[in-house]
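Asks: Can you keep this structure in mind? I'll have questions shortly.
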Amino acid sequence: MYYPFAKYFLSFFDIIKKKKVLNFIKKENGSKISIFLDVGAHRGESIKIFKKYFELNKIFAFEPSSENFDKLKNEIKNIEHIKIFNIALGEKSGLIDFKDHYDSQSSTIVDINENSNYFKKKNFYLNFFSKNKNFYSKSKVKIDRMDNILKKENIKNIDLIKIDTEGYDFYVIKGLGEMIKNVKYIYFEHHFHNMLKKNYTYFEVDKYLRNNNFKKVFKSKMFFRKTLEYIYKNNFYLND
């Protein structure tokens, strides 16, 4: 009972933040998005809210967790022009270790620092009454580079990529390779706590994007978390 209440409480404030993001994108880009990529689609929450705010011509969604993917399939069954992939995205192709967290939105590829204060505090609030101390289970999932997927699907230009991969976002971005020049907006989050062993800093992400002609146009801190959301825009995007 406590866990659902805690998640509902957080989701209420997340919706407030999400609307701020959506209003910014609509002001910047208008109400039409030709190609929308949702990396870390979870159970379709972002897809549904983007569908309410925008006219999406084509959606490509990626979710590595088998459990989340099964629920994603059910949630989007009535949505047209969508293709979903049960894989992770990163800098390589093959198989990779994945950690399915009991809080499904916290599942991740990166290692988890269980000794961090943030980890302990998070599990105190979300797992207070549970006697089960197995916070996550490990499995192997398929992984591929985003540029490989885009070439296979014959996608030339992308209006917006949303990335929510719990500390793996930078590797997803780098997996675009040269295709990054064909992306207009990249919307991602960065965790500033030490629970996730990302092995990169926000400074590195910012430098990489700037070196590829992107400019930061939006920043917002998420409620109750050491996490910020960013939107970067490609200054040289030519498909307007």
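Since every read-out is calculated from the coordinates, none of them should be taken as a lab result. Predicted model, so just to flag it, every value in this text is computed and none were measured. Note that each Cβ is placed from the backbone with ideal geometry, even for glycine, and that neighbours are counted across all protein chains shown.
Asks: Starting from the Cα-Cα distance between Lys156 and Lys27, subtract it from 0.36 nm times their residue separation and give me the gain in nm to one decimal.
Replies: That pair, Lys156 and Lys27, stretches by 44.0 nm at full extension.
Asks: Here is a further query. May I ask you to sort Arg225, Arg43 by Cβ crowding, counting other Cβ atoms within 10 Å and putting the fewest first?
Replies: Arg225, Arg43
Asks: While we're on this one: In nm, to one decimal, how far is the modelled label at Ser116 from the one at Tyr102, with both set 7 Å along Cα→Cβ?
Replies: Here the answer is 1.9 nm between the modelled labels.
Asks: Counting only residues 5 or more places away or on other chains, whose amide H sits under 5 Å from the amide H of Ala61 once H atoms are built in the peptide plane?
Replies: Placed amide hydrogens put Asp38, Lys83, Ile84, Phe85 under 5 Å from Ala61.
Asks: How much length is gained if the chain between Ile79 and Phe192 is pulled fully straight, taking 0.36 nm per residue apart and subtracting their Cα-Cα distance, in nm to one decimal?
Replies: 37.2 nm
Asks: So how strong a dipole does region 2-234 carry about its Cα centre when Lys and Arg Cβ are +1 and Asp and Glu Cβ are -1, to the nearest 20 debye?
Replies: My answer is approximately 560 debye.
Asks: Over all pairs of distinct alpha carbons, what does the Kirkwood formula give as the hydrodynamic radius of region 2-234, in Å?
Replies: Radius from the Kirkwood sum: 18.2 Å.
Asks: Moving to a separate point now. Explain nothing, just compute: Karplus ³J(HN,Hα) = 6.51 cos²θ - 1.76 cosθ + 1.60, θ = phi - 60°, for every residue of region 89-94 in order, whole Hz, x for Gly and Pro.
Replies: Values, residue by residue: 10, x, 8, 9, 10, x Hz.
Asks: Now for a different question. Please work out the C-alpha center-to-center distance from region 192-232 to region 36-100 and express it in whole Å.
Replies: 21 Å
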